[in-house]
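One structure below.
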């Protein structure tokens, strides 16, 4: 499935739930970040995940469902990776990006920055909370949105 096909299926809520993997999350985030400034990409991801979860009846609980801190922090990590390596190692597709940056292919990448207690704090579900173990990496250059 191409990046565009994946993103369209995600937005149309037609992507089969078993295909909404961590890698698919990263691919959609990468696609949004290539096309839009961070704030708009984050808003699209936030709205998309919430709508997708609702359409697939994902239960909201303290340990499941949408988590703003997780979404925001992962989007930040993806953009920081894009800006750090994008000039030297351009990856034209989200699959290529995922293959080039396996450090992002685990849902546990945020453990370098957040304690489990901090990331799963009730406030972290509804608002972005800064990490408690290490700051998120700085974004060293802007990525020009592409279509």
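The values are calculated or read from the model by the stated rules, or taken from the named source; none is laboratory data. Fair warning: this is a prediction, and the values are worked out from it, not measured in the lab. Note: ideal-geometry Cβ built from the backbone for every residue, glycine included; neighbour counts use all protein chains shown.
Can residue 141 be described as touching a helix residue (DSSP H, G or I) at 6+ places or on another chain (Cβ under 6 Å), at pLDDT below 95 and either surrounded by 17 or more Cβ atoms within 10 Å (Cβ to Cβ) or over 27 Å from residue 17 (Cα atoms) (or both)? Yes, satisfied. Could you list, in sequence order, all residues of region 10-22 that are in contact with a helix residue (DSSP H, G or I) (Cβ under 8 Å, 6 or more places away or on another chain) and either assigned to a loop (DSSP other than H, G, I, E, B) or surrounded by 17 or more Cβ atoms within 10 Å (Cβ to Cβ) (or both)? Passing the criteria: 10, 13, 15, 20.
Determine whether residue 49 is farther than 22 Å from residue 137 by Cβ, crowded, with 17+ Cβ neighbours inside 10 Å and touching a helix residue (DSSP H, G or I) at 6+ places or on another chain (Cβ under 9 Å). First the steps, then the outcome.
Working: farther than 22 Å from residue 137 by Cβ: yes; crowded, with 17+ Cβ neighbours inside 10 Å: yes; touching a helix residue (DSSP H, G or I) at 6+ places or on another chain (Cβ under 9 Å): yes.
Yes; evaluated as a whole, the condition is true for this residue.
In this structure, does residue 63 turn out to be buried (at least 16 other Cβ atoms within 10 Å of the Cβ) and farther than 21 Å from residue 12 by Cα? Give the derivation first.
Details: buried (at least 16 other Cβ atoms within 10 Å of the Cβ): no; farther than 21 Å from residue 12 by Cα: yes.
Judged against the criteria, residue 63 is not a match.
Cβ separations smaller than 7 Å between residues 6+ apart or across chains give the following pairs from region 1-29 residues that are on the phi > 0 side of the Ramachandran plot and touching a residue at least 24 places away in the same chain (Cβ under 8 Å) to residues that are in a helix (DSSP H, G or I) and surrounded by 13 or more Cβ atoms within 10 Å (Cβ to Cβ): 13/51; 13/52; 13/55.
Here residue 90 fulfils each of the conditions (1) over 25 Å from residue 9 (Cβ atoms); (2) surrounded by fewer than 14 Cβ atoms within 10 Å (Cβ to Cβ); (3) at pLDDT 90 or above apart from (3). Within the set 7, 21, 69, 14, the sole residue that is within 23 Å of residue 135 (Cβ to Cβ) and modelled with pLDDT of 95 or more turns out to be 69. Among all positions in region 70-87, there is at least one residue which is loosely packed, with under 12 Cβ neighbours inside 10 Å and touching a residue at least 24 places away in the same chain (Cβ under 8 Å).
Output yes when any residue across region 50-68 is free of Cβ contacts under 8 Å to residues at least 40 places away in the same chain and within 17 Å of residue 104 (Cβ to Cβ), and no when none is. Looking for residues that are free of Cβ contacts under 8 Å to residues at least 40 places away in the same chain and within 17 Å of residue 104 (Cβ to Cβ), one finds none in region 50-68, hence no.
Which of the residues belonging to region 30-43 are within 12 Å of residue 93 (Cα to Cα) and either under 9 Å from the mean Cα position of the chain (by Cα) or not in a helix (DSSP H, G or I) (or both)? Listed by number, the list holds a single entry, 30.
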